[in-house]
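Written out below as structure tokens is the structure these notes cover.
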Amino acid sequence: MNSRAGARSMRATLRLQFRDGMTLDRACGLIPQFARLGISHLYASPLFMARPGSTHGYDTLAYDRIDPALGGEAALIRLTDRLHAHGMGLVMDIVPNHMAVDAGNPWWLDVLAWGRASGYARWFDIDWHAPDPDLHGRILLPFLDRPVAEAMAAGLLVLRHDGGSGLFFIHHHDQRFPLCPTGYAAMLACVDAPGPLLAAWTRVALRAGPCAEADAALAALRAWGATEAGERAMNRLAMIHDATNLSGRARLERVLAAQAWRLACWRDASTRINWRRFFDITGLIGVCVEREEVFEAVHALVFSLYQRGVVDGVRVDHIDGLDAPAAYCQRLRERLDTLTPLRPEHALPGGAVHVEKILVAGESLPDAWPVDGTTGYDFMDQVSAVLHDGAGVPALDRLWAACGPDAQALDPIVKTARAQLLEHTFGAEFGHLAFLLDRALCGVSEACATQEMHDALRNLLVQFHPYRTYFGDEVIQDHTADRAALSQAQRDAAVFLATGQCAMTARMVRLLESCPEQAPPVVVRRAQLAFEHLTAPLAAKSLEDTAFYRYGRLLSRNEVGSDPGRMALPVHAFHEACGARAARYPHALLATATHDHKRGEDARARLAVLSEAAGEWEALVQGWFAHNDAGQGAGPDRIDEIMLYQTLVGAWPLVPFGNDGAARTRFCQRIIQWQTKALREAKRHTSWTRPNGEYEDAYARFAERLLDPARAGPFLQQLEGFVARIAPAGALNGLAQTLLRLCVPGVPDLYQGRDLWDFSLVDPDNRSPVDFAHRDALLESATSFGNAAATWRTGRVKQDMIRRVLSFRRHYPDLFAVGAHAPVGIDGRDHAHAIAFLRQHDGMSLLVVAPRLPFGLGVDDDTLALTRGTDLSLRLPPLPGPWHSLLGDVPDCVAMPFMQGQLPIACLVHDARSA
């Protein structure tokens, strides 16, 4: 069991997105509200200095300072002082995997200026020995908006001197790239710079790397550049390197040829890039945090803040991006454990470590990772699936099949996406891996990287299912799961390969399975890392960022960490997952909404009702297909059309638009913003790299027409009527997943503002500003749970449930931190319509009964109470004495909690110690 006192002290976290108007000082004013809600720890998005204008903070520029845009470290101290005054702690999201490639990143700037001579050259994951002769010893910079020659001819590569740093840069729009200081003497000689200055830079050229002479020469250059003569010389230098004339172009070409980097058009990144990106984002470069000096530099401020009691725990972003996650986690855990005794006496228990990790079916965190659990995507999948009805699959499959030949099952869609990504997005990474495998399999002097080998490798990658293997991680001793994953991919790939290619695949797999104790050659380890660094982004981009927008059977299952091919999860399997979490990671985070979710938790809960009403939904959509004329004006096709209908159903507001034209317009804008992203992520008719304006505009016109009462009155009447019918059941689904998140083993994580209903769409919609004042006013005027349920459309009923259960958790923390999770059997004809379990510890019992598949029970539009009686009873152990409800009145019969006229949800407490 991986647990720490810091994790055990976490009762509930609240994820707050900083930036975009949310500063550290503004957050101070929200802490009393969060405390009243029952939150124990604020869970902050990245706080380190990021690229100017960043809306998320994952594009780090410097690890040694809190972003001044957020208020800096002084504001962070003020925030933690306010947290401590309310008995709360702080969890910080850290990003050790990558940094922004930006002139504001001093490490990156130094590497560009000095190349391999830079002290930071090995801090980034750069292939300095790329087989491309033009990139050997150099870095590709694919940041131009056009090919280099065209950029020069257009005057878009301009040489300028920066008086602040003393460096010369090549400017391209708002980007700039530093020139190597060893070439300054030659440039300054062209403008008759003072002799002592030229002599200083000549000495720098002889040193050929960072040195004290360079620092002194830069200071002298800054001083001279500030003089009138220096300014004239700098202007003349820019003129004689003006590439719009032939002589200037020749000079500029010579300057560029002497650099440790090569400029290129942004489109060249997918085929030529020679450094590890974060997925396919060329603005983020992989950091070699496995190197001790890099680890220390990346975490120095984190450790300082932890030791001072400012930070109490960390969330590690994209753990699978690291070379050796287990070794990293062990090093991180050891440092935190060493610092824990040095924390102030008043500090909260600290040291919790949670990792962002996507787990596929049957996968669990490696035992060698000394962490407290994941950030909760696995729970998000489980709680969503258990609230879906598997009986709806046949009708939903029929409807999906009616969307045309591209409406395939999930697996072929994902594998097609993988193959396309390898060709169009990750071509450079694939070529790098093939080159290393060639060297490892055949030796330096013998070439075997034939088309046969490429086909074998491509098929292996297409068939590989998990995010990655961990063969090169020396800390991990048991590689059973890794070998099984590779073997399965090998078997699946064999179906598509010739005999010779199968033999080649077998050789590659044997090489990729090499363990550190076998002392494989360095090239083998490099090939393993290249494979592991490719499979993780390939898995994410093919499923979450492509297939989720191509596969539209039921969008509530198209969520990060989920398997859309699995419609539903049996209740017993949900309990088994809860039991496994209680045994191994009792303090793992439990999420139902994140800054990365595809649609809001309550939108998914409403869409889950479609699995119950699948036949009705099928008939309704077939009618819309027939009458809405989607093909009119070149789009959308049936796949995009059915996804639009589901998005409208999931996001439709609970309060009708009526005559509020402004609200209807804002909703339409949100839908079009979503559909533009969805279309481009799908990459079927348009994409981010090659937008198809005609198709996108046609789709936008179609959506606008559907949302216009004057042009689509009958459709809107049907849509609004259908949403009104399923919305109460959707609300009960939302309350069920909230109650389960609050009560099953683990630490409930609340994404900002989701204490009320959440019908958001994918980012940026899910990161929109939150009306905290409104939520605070509702908390201040808290009413009974029954009254809140009677006005359920306001969302107060959800907030009130959270407040009540978290208040109970505050008073009885051990019941949730270490208490047993015991499933409660359910009898009766309606047994499938409830989930029941006990949490028990030290004589205290909490009975939780959540509704499941409520549409079939009949739900009152106004109160969410059942409109008919149910045949359902609980098999409870004998517990003498009364039960007390956390949510209001105790049901007439505890063993039969779902009665006609009652809200079908129960959270009851029994204290045997007072019986």
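Descriptive notes on the structure:
- One residue stands out in segment 591-606 among those that are in a helix (DSSP H, G or I) and charged (D, E, K, R): the one that is nearest to the chain's Cα centre (by Cα), namely Glu601.
- Of Phe18, Phe48, all but one fail to be in contact (Cβ under 8 Å) with a residue 60 or more places away in the chain and either among the β-branched types (Val, Ile, Thr) or over 30 Å from Ala580 (Cα atoms) (or both); the exception is Phe48.
- Every residue from segment 541-590 that is of a type in the set (Gly, Ala, Ser), in a loop (DSSP other than H, G, I, E, B) and either open to solvent by 20 Å² or more (accessible area, probe 1.4 Å) or closer than 23 Å to Leu853 by Cβ (or both): Gly552, Gly561, Ser562, Gly565, Ala568
- Residue within segment 461-472 that is touching a Pro at 6+ places or on another chain (Cβ under 9 Å) and without any contact (Cβ under 8 Å) to a residue 24 or more places away in the chain present: no
- From Ala233, Ala200, residue being over 26 Å from Ala250 (Cβ atoms) and in a helix (DSSP H, G or I): Ala200
- Segment 119-151, residues that are assigned to a helix (DSSP H, G or I) and among the charged types (D, E, K, R): Asp134, Glu150
- Filter pass, Thr867 being surrounded by 13 or more Cβ atoms within 10 Å (Cβ to Cβ) and either touching a helix residue (DSSP H, G or I) at 6+ places or on another chain (Cβ under 7 Å) or among the small types (Gly, Ala, Ser) (or both): no
- Checking every residue in segment 30-43 against the condition of being farther than 24 Å from Asp800 by Cβ and surrounded by fewer than 21 Cβ atoms within 10 Å (Cβ to Cβ) gives zero matches.
- So Asp127, is it acidic (Asp, Glu) and modelled with pLDDT of 95 or more: yes
- Total residues in segment 702-734, condition surrounded by fewer than 18 Cβ atoms within 10 Å (Cβ to Cβ), of a type outside the set (Lys, Arg) and under 13 Å from Leu644 (Cα atoms): 1
- Some residue of segment 816-827 being in contact (Cβ under 8 Å) with a residue 12 or more places away in the chain, out of contact with any Phe, Trp or Tyr (no Cβ under 7 Å at 6 or more places or on another chain) and in a helix (DSSP H, G or I): yes
- Selected residue (only one of Leu206, Leu156 is open to solvent by less than 40 Å² (accessible area, probe 1.4 Å) and not acidic (Asp, Glu)): Leu156
- Residue within segment 745-754 that is out of contact with any strand residue (DSSP E or B) (no Cβ under 8 Å at 6 or more places or on another chain), open to solvent by 10 Å² or more (accessible area, probe 1.4 Å), in contact (Cβ under 8 Å) with a residue 12 or more places away in the chain and outside any helix (DSSP H, G or I) present: yes
- Looking across segment 463-518 at every residue that is among the small types (Gly, Ala, Ser), farther than 24 Å from Asp367 by Cα and open to solvent by 10 Å² or more (accessible area, probe 1.4 Å), the one that is modelled with the lowest pLDDT is identified as Gly500.
- Selection of segment 646-693 for residues being within 28 Å of Lys415 (Cα to Cα), of a type in the set (A, V, I, L, M, F, W, C) and part of a loop (DSSP other than H, G, I, E, B) yields only Trp688.
- Apart from one condition, Gly286 fits all of (1) buried (at least 17 other Cβ atoms within 10 Å of the Cβ); (2) touching a helix residue (DSSP H, G or I) at 6+ places or on another chain (Cβ under 6 Å); the exception is (2).
- Selected residue [over 30 Å from Gly164 (Cα atoms), among the basic types (Lys, Arg) and either at pLDDT 95 or above or under 23 Å from the mean Cα position of the chain (by Cα) (or both)] from Arg122, Arg78, Arg116: Arg78
- In segment 106-129, the residues that are farther than 19 Å from Ala297 by Cβ and open to solvent by less than 10 Å² (accessible area, probe 1.4 Å): Gly115
- Remark: pairs (first residue in segment 323-342, within 17 Å of Val298 (Cβ to Cβ) and assigned to a helix (DSSP H, G or I); second residue of a type in the set (S, T, N, Q) and open to solvent by 60 Å² or more (accessible area, probe 1.4 Å); Cβ separation under 9 Å; 6+ apart in sequence or on different chains) = Leu339/Gln307.
- Cβ-Cβ contacts under 6 Å between residues 6 or more apart (or on different chains), taken from a first residue in segment 688-701 that is open to solvent by 50 Å² or more (accessible area, probe 1.4 Å) to a second residue that is assigned to a helix (DSSP H, G or I) and of a type in the set (Lys, Arg), are listed as Trp688/Arg680.
- Selection of first residues in segment 519-537 that are without any contact (Cβ under 8 Å) to a residue 60 or more places away in the chain and of second residues that are not charged (D, E, K, R), restricted to Cβ pairs under 6 Å at least 6 apart or on distinct chains, gives the following pairs, ordered by first then second residue: Pro520/Ser514; Arg525/Gly472; Gln528/Phe471; Gln528/Gly472; Gln528/Leu512.
- Exactly one residue among Leu846, Leu876 is more than 34 Å from the chain's Cα centre (by Cα) and either of a type outside the set (Val, Ile, Thr) or under 20 Å from Arg913 (Cβ atoms) (or both), and that residue is Leu876.
- Within segment 1-52, considering residues that are assigned to a helix (DSSP H, G or I), at pLDDT 95 or above and of a type in the set (D, E, K, R), the one nearest to Ala588 (Cα to Cα): Arg36
- Within segment 185-197, the set of residues being in a helix (DSSP H, G or I) and open to solvent by less than 60 Å² (accessible area, probe 1.4 Å) comprises Ala185, Met187, Leu188, Ala189, Gly195, Leu197.
- Residue match in segment 607-616 (condition: surrounded by fewer than 18 Cβ atoms within 10 Å (Cβ to Cβ) and not in a loop (DSSP other than H, G, I, E, B)): yes
The values are calculated or read from the model by the stated rules, or taken from the named source; none is laboratory data. Just so we're clear, the structure is a prediction, and the values are computed from it rather than from any experiment. Note that each Cβ is placed from the backbone with ideal geometry, even for glycine, and that neighbours are counted across all protein chains shown. Surface accessibility is based on the protein's heavy atoms, side chains included, excluding ligands, DNA and RNA. Shrake-Rupley method; radii C 1.70, N 1.55, O 1.52, S 1.80 Å.
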